[in-house]
Each structure stands twice: as C-alpha cells, then as structure tokens.
Amino acid sequence: MLPFSWQRVRRLLTWGLAILLTTPALFSLQQTLVETSLVVNVEVPVRVFDSRGRFIDNLTIDDFEVYEDGVRQKIDAVYLVKKNLIRRKEEKKKLKPETSRTFFLIFEISEYTPRIGKAIDEFIEKVLLPEDQLIVVTPQKTYRLKEMSIKVKKRKDVAEELKARLRRDATMGAADYRSALRDLENIARNITSALAGDNNSGTPFEGSAPVNISNMEVLVTQYISYLKKLEVLRKVDELRLLDFARYLKTVEGQKYVFLLYQREFIPQIEEKLWIQAASLYQDVEGANIKFLISDIMDLYKRDISVDVEKIKRAFADASTSIHFLYLTEPRKHIPGVTFVERTGDIFAPFVEMARASGGFYDSSYNPEFLFKKALQAAENYYLLYYTPKEPIGEGKFRHIKVKVKRPGLRVVHRLGYFAY
C-alpha cells in the first residue's frame, strides 16, 4: 500500500491552504452562513434512514430537534435536497444554501483491478452531473474534471480516460510498495525453508539441524529491514490529514470524499517458529538471533499512529462527507507464514472520520457495490440551519446532536464544529 501521507494531494492544498493557515477567520467559512457580524447560522447536512436503509424524504421542520452541547436550539430552516437541487423548504429565516457538489475520489490502491474500473463507470455514467466538480487523487497524481469534462466529451470516453490514468498511476506509484512486499514474502519463505532444513515434511525444525547462524542472521536482518521499509511506505501522516480537512473547509457547497482503500496483508512468520529459532541458537556463541527476534515482535505490534479525536473533529468541522470504502482481498498462503491484516491502525481512524462527518463506511470485495451504497447514502439529504444560543468566538469544539420525533429512524450528521 502507498504511504498515506497525502503528498499526492499537495496540489489541492496549494489552491488556498496558505491563506487558510494564516487567516483564522476562514475557519468558519463552510460550516456557517454569516448574516451579520454577530448572528451566525450553523449548517448541518442530515440524512435519515429507516431500518431497511431507505432515505426518508417526508420529514418537516417540526420533526427535527437539534442540540448543541446538550442544549436544544431553535431551528431556522430545513431544506430537502436531492442531488444538487432543493426539492422542498421550510424557512423561519430566509437563507441561501449552497448545494453545488464537489466530489473527491481518492484511490489508495497498490493494484488496479477491473472491479475498480466498473465502479468508475458507475460513477461517471450515473452520478456525475455537468455542474459538478470532480477531483481525482491517484497513487501518482491529482486530476481535475476540467481536463476531461463531460460537457465536451462522452461520459464513456471520460470514464475510459480516467481508468487509463488510474491504471498507469497505480502501476507507477505503487511500484516501490509492491516490490518491497514481494521481497518480504520471498525472505519469509526463505527463512521458513532454511529452518525446515533438508527434511521432506516442509515443517520447520522437524528432524532438522539449525541452518548456519551467519546465514540465518542475514535473512532475519533482511526481514526486519523490509518490515521497516513497508512501515515507512504506508505510514499515516496526521499533519497531512489535518491539512486536507482545512482545505476541504475552504471548498464551497457540499463536499463528498470517497476514499477507496485496498486491504493490506503483511507476511509474518509464525511466532512459535521464532520462539523455536531463538531456542535453537541460544547457545551459539555470538548469535544475535534472540535480540533480532525481539525487534521483530515489536514491529509486529502496531498502535494507531494518529490522534483519532483530533482527526474526527477536523473533518466534522469541514462540513464534508467522508465515505470510506474498504476493498477486501483474499489472503495468500505460505507454509509457516501468516498473512496478517496490517490496516487496523488505518481502518479505525477512517471509520471514525466517516462517522464524525456523517458519511458512509463499509467493506467488500466489490468496489462497484461499495460505490453504489455510498452514493445512495450521499445523494439525498436535509440541510438544517440553526442560530447558536451561545455566541461563537471562543474556538472550542461544539458537539451537535440531531434527533427526529418519529420512532425507529436512524439519523446521520456531522459531529460538530469549532466555534471561531
């Protein structure tokens, strides 16, 4: 998997991030509509579903209740929006919601597959409107729709061009990762084979003498080196994530981020084999195997490397919908080696990002299925506005809770906002 450092989003960040970072007043640009210098209307996109996952589109302003930090607020207006059009409105104040749409398709993949191509076809053919903005982030580059606009080209041609670029960029951008993963797999296979000796069972240590200590130390050292290399290649960069959230806040209208992330498996030699190896070499003079194995056990452990609460609040404050689409793949098999999923530290934060932004998350072998479910959840929504009872300006994070009076419904919305 590619490094989730957002370096490939650098073009996005330069479109306004420098101004954003030096101008605190812009922090509340997207979450609010400012009518005067003292009165602010907070915007909350809300989606309401029944037990079967169907969007409920017949709610009125009286069906909603909104709370800020546990205090009930007065609702100023509610708008029912489908795609980019306001279908119904109830206003106690006249407001001008911005319903234009910007889509971000971010592909964190190491290998392009035809299934991903079908998902792109579905999106270009059935979802994207001529007025929409589209930004695509591949493992290599960032593209804007204007380079291949559906206003001047057939949708099929746009989809084919995008797929060709993604296929090429995935091949080029993930080359280091795929190469390192292949090398690590080969080293793991060599270690287990060396420990198995010349016996025909294929089971390490069964009736065999330990392999030459110097050769084993070289193999184990190489194994550690490639584990560390893969760790660097796929490290989550918290600062880049926060920068991206700040950038999203400057984008007008409704923002949808679809993050397609391929599942990762790292070849780990089974712990019992390492224990047996340490025992075999413990009396060999000058052997460092025991210490090397201790390093490996530390590398096998992985903690979440980002501040999840900080990330959640940043993307909620950006008033964007994060849709985390987790593409699963089958595990490989090597005797004596377990292919362990190594995305736990990524999966948990991204799921929380989706929840906090009022977005969608799911996993499947089929990306087309994931896209369809996410788009169904995203295209219909209510825009709810209220005026906070407490004046803003202190900069703290305020939690939002939206309820509906009808029983048995599921309400999805952003977690809150920073009251600058």
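The values are calculated or read from the model by the stated rules, or taken from the named source; none is laboratory data. Only a predicted model underlies this, so the values are computations on that prediction, with no experimental measurement involved. Methodologically, a virtual Cβ is constructed for each residue, glycine included, from the backbone with ideal geometry; neighbour enumeration extends over all protein chains shown.
List pairs: first in region 41-63 and more than 22 Å from TYR361 (Cα to Cα), second aromatic (Phe, Trp, Tyr) and surrounded by 12 or more Cβ atoms within 10 Å (Cβ to Cβ), Cβ under 6 Å, 6+ apart or cross-chain? Going by the 6 Å Cβ cut-off, the qualifying pairs are ASN41/TYR385; VAL42/TYR386; GLU43/TYR385. Checked against (1) surrounded by 14 or more Cβ atoms within 10 Å (Cβ to Cβ); (2) modelled with pLDDT of 90 or more, ASN190 passes all but a single condition, namely (2).
Among the residues making up region 323-375, those that are under 30 Å from VAL402 (Cβ atoms), assigned to a strand (DSSP E or B) and among the hydrophobic types (A, V, I, L, M, F, W, C) are PHE324, LEU325.
Scanning region 12-25 turns up no residue that is touching a strand residue (DSSP E or B) at 6+ places or on another chain (Cβ under 8 Å), β-branched (Val, Ile, Thr), farther than 30 Å from VAL340 by Cβ and modelled with pLDDT under 50. Kindly establish whether ASP121 is surrounded by 15 or more Cβ atoms within 10 Å (Cβ to Cβ), charged (D, E, K, R) and touching a helix residue (DSSP H, G or I) at 6+ places or on another chain (Cβ under 6 Å). Here the answer is yes, as ASP121 does meet what is asked. Looking across TYR112, TYR67, one residue alone is surrounded by 13 or more Cβ atoms within 10 Å (Cβ to Cβ), in contact with a His (Cβ under 9 Å, 6 or more places away or on another chain) and either touching a residue at least 60 places away in the same chain (Cβ under 8 Å) or not small (Gly, Ala, Ser) (or both). It is TYR67. Looking across region 41-57 at every residue that is exposed (fewer than 12 other Cβ atoms within 10 Å of the Cβ) and in contact with a strand residue (DSSP E or B) (Cβ under 9 Å, 6 or more places away or on another chain), the one that is modelled with the lowest pLDDT is identified as GLY53.
Residue by residue, here is whether (1) in contact with a Lys or Arg (Cβ under 7 Å, 6 or more places away or on another chain); (2) among the hydrophobic types (A, V, I, L, M, F, W, C); (3) buried (at least 16 other Cβ atoms within 10 Å of the Cβ) holds:
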position: ALA318; (1), (2), (3): yes, yes, yes
position: GLU329; (1), (2), (3): yes, no, no
position: ASP362; (1), (2), (3): yes, no, no
position: GLU368; (1), (2), (3): yes, no, yes
position: GLU379; (1), (2), (3): yes, no, yes
position: TYR386; (1), (2), (3): yes, no, yes
position: GLU394; (1), (2), (3): no, no, no
position: PHE397; (1), (2), (3): yes, yes, yes
position: LYS403; (1), (2), (3): no, no, no
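Conditions (1) of a type outside the set (Phe, Trp, Tyr); (2) farther than 23 Å from PRO391 by Cβ, marked per residue:
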position	(1), (2)
GLU43	yes, no
ILE56	yes, yes
TYR67	no, no
ILE75	yes, no
VAL78	yes, yes
LEU85	yes, yes
ARG88	yes, yes
ARG101	yes, yes
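Yes or no: PRO139 at pLDDT below 90, touching an Asp or Glu at 6+ places or on another chain (Cβ under 8 Å), more than 15 Å from PHE258 (Cβ to Cβ) and not in a helix (DSSP H, G or I)? The answer is yes for PRO139. With respect to PHE397, determine if the residue is touching a helix residue (DSSP H, G or I) at 6+ places or on another chain (Cβ under 9 Å), within 22 Å of PHE324 (Cα to Cα) and either among the hydrophobic types (A, V, I, L, M, F, W, C) or at pLDDT 95 or above (or both). So PHE397 does not fit the description; no. Might you let me know whether region 334-355 holds any residue that is over 24 Å from LYS255 (Cβ atoms), among the polar types (S, T, N, Q), modelled with pLDDT under 90 and in contact with a strand residue (DSSP E or B) (Cβ under 9 Å, 6 or more places away or on another chain)? Scanning region 334-355 turns up at least one residue that is over 24 Å from LYS255 (Cβ atoms), among the polar types (S, T, N, Q), modelled with pLDDT under 90 and in contact with a strand residue (DSSP E or B) (Cβ under 9 Å, 6 or more places away or on another chain).
Test PHE103 against the criterion of being under 30 Å from GLU368 (Cα atoms), under 32 Å from the mean Cα position of the chain (by Cα) and of a type in the set (Phe, Trp, Tyr), and give yes or no. Yes; evaluated as a whole, the condition is true for this residue.
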